[in-house]
Amino acid sequence: MIEPRDNTQAEAEPSVSLLDGDTAALPPAQIRGSVHIPLHHGTAEPIAADVMTFGGLLDGREHLALRLGPRHPEVPLVRVHSECLTGEVLGSARCDCGPQLREAMRLINTAGGVLLYLRQEGRGIGLYNKLDAYSLQDKGLDTYSANRALGLDEDLRDYGVAAQMLRALGETEIDLLTNNPDKREQLRHYGISVRHTVSTGVYANPHNTAYLTAKVARTAHTIRLEESA
């Protein structure tokens, strides 16, 4: 049985933030390698992806960039996507992460751009903490209150690494595929010009409606739940 606890901050994945500091202090990252991989991910034909790894990232984690679709679009379509093992690998219906990832790959493959896959499970709190938070949600807490009950921040993600990756790829002006206004504002803070914000689809089901409703109410996500009714 998972009970609320006062402080498990040390159990969360480390977070390095420059949001309150000088954006000029953001160190450069470097592309350390690139490999071509055909991907079967919800499409009839494989999607051709150049998958890139990086050195010098702010948090030291193994984040990936996937360049998809036509090369050198006027402004690339970019999805900054946080890892979700439960939704993307196990097919959990408690979130919309799996459908969003598949949609992003399909749209970027058509428009041309980049998918940044960030290793920030559970909004940065880690896999085990996320599953503990699920247990508290089963008792009536929403996704943000559950994190707080575990002694963690509601959202530990910092998108400085995404800005580092985009700069290393030579992309400083983008169209951003997201429902999360915090991603847009953080990227702009880090010097990435966001020309347009493109909303993702609405992937509601009986198991994730409360989760999506909390994202709208608590963090102003642009999710139109009435469209899924």
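The values are calculated or read from the model by the stated rules, or taken from the named source; none is laboratory data. Predicted model only: the values in this text are computed from it and were never measured. All accessible areas refer to the heavy atoms of the entire protein, side chains included, with ligands and DNA or RNA removed. Shrake-Rupley method; radii C 1.70, N 1.55, O 1.52, S 1.80 Å.
See the values below:
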quantity	calculated
Max mean-square fluctuation residue, GNM over the chain, Cα-Cα springs under 10 Å, options Val161, Val198, Val80	Val198
Stokes-Einstein translational diffusion, the stretch 61-122 - Kirkwood Rh over all Cα pairs, 1.567 mPa s, 4 °C, in µm²/s	108 µm²/s
Cα centroid separation - the stretch 61-95 against the stretch 141-181, whole Å	13 Å
Additional length obtainable on full extension of the chain from His41 to His196, 0.36 nm per residue less Cα span	53.2 nm
Amide hydrogen neighbours beyond the local backbone of Phe54, cut-off 5 Å, H modeled	Arg32
Overall form of the stretch 32-98 per C-alpha gyration tensor (a/c, 1.5; a/b vs b/c)	oblate
Computed accessible area, Ser34, all protein chains, 1.4 angstrom probe, square angstrom	80 Å²
Sulfur and carbon atoms: percent of accessible area, the chain [1.4 Å]	52 percent
Ranking by accessible area, most exposed first, for Thr110, Thr178 with a 1.4 Å probe	Thr110, Thr178
Largest-first ordering by accessible area, 1.4 Å probe, given options Arg184, Arg218	Arg218, Arg184
Whole-number D in µm² s⁻¹ for the stretch 87-229, Kirkwood Cα-pair radius fed into Stokes-Einstein, 37 °C, 0.692 mPa s	203 µm²/s
Prolate/oblate/rounded label for the stretch 20-161 (Cα gyration tensor, a/c 1.5)	oblate
Under-5 Å amide H pairs with Leu177, H placed in peptide plane, nonlocal only	Val78, Arg79, Val80, Val198
Tyr211 accessible area, assembled protein chains, probe 1.4 Å, Å²	40 Å²
Gain upon complete extension [Asn205, Ser92; 0.36 nm per residue less C-alpha separation]	39.6 nm
Sequence-distant residues sharing a close amide H with Leu39 (under 5 Å, placed H)	Ile47, Ala48, Ala49
Extent along principal axes [Cα atoms of the stretch 98-150; Å; largest to smallest]	42, 19, 14
Whole-Hz ³J(HN,Hα) from phi, Karplus 6.51 cos²θ - 1.76 cosθ + 1.60, for the stretch 27-41, glycine and proline x	x, x, 10, 10, 6, 9, x, 9, 9, 8, 9, x, 10, 8, 8
Accessible solvent surface per residue of the stretch 135-217, calculated while the other protein chains remain in place, 1.4 angstrom probe, Å²	39 Å²
Computed over the stretch 126-180, Kirkwood Rh from alpha-carbon pairs, angstrom	13.4 Å
Karplus (6.51, -1.76, 1.60) ³J(HN,Hα), θ = phi - 60°, over the stretch 139-155, in Hz, Gly and Pro reported as x	8, x, 7, 7, 4, 7, 5, 5, 4, 4, 5, 8, x, 10, 5, 5, 8
DSSP beta bridge pairing in the chain, given as percent antiparallel to the nearest 5	60 percent
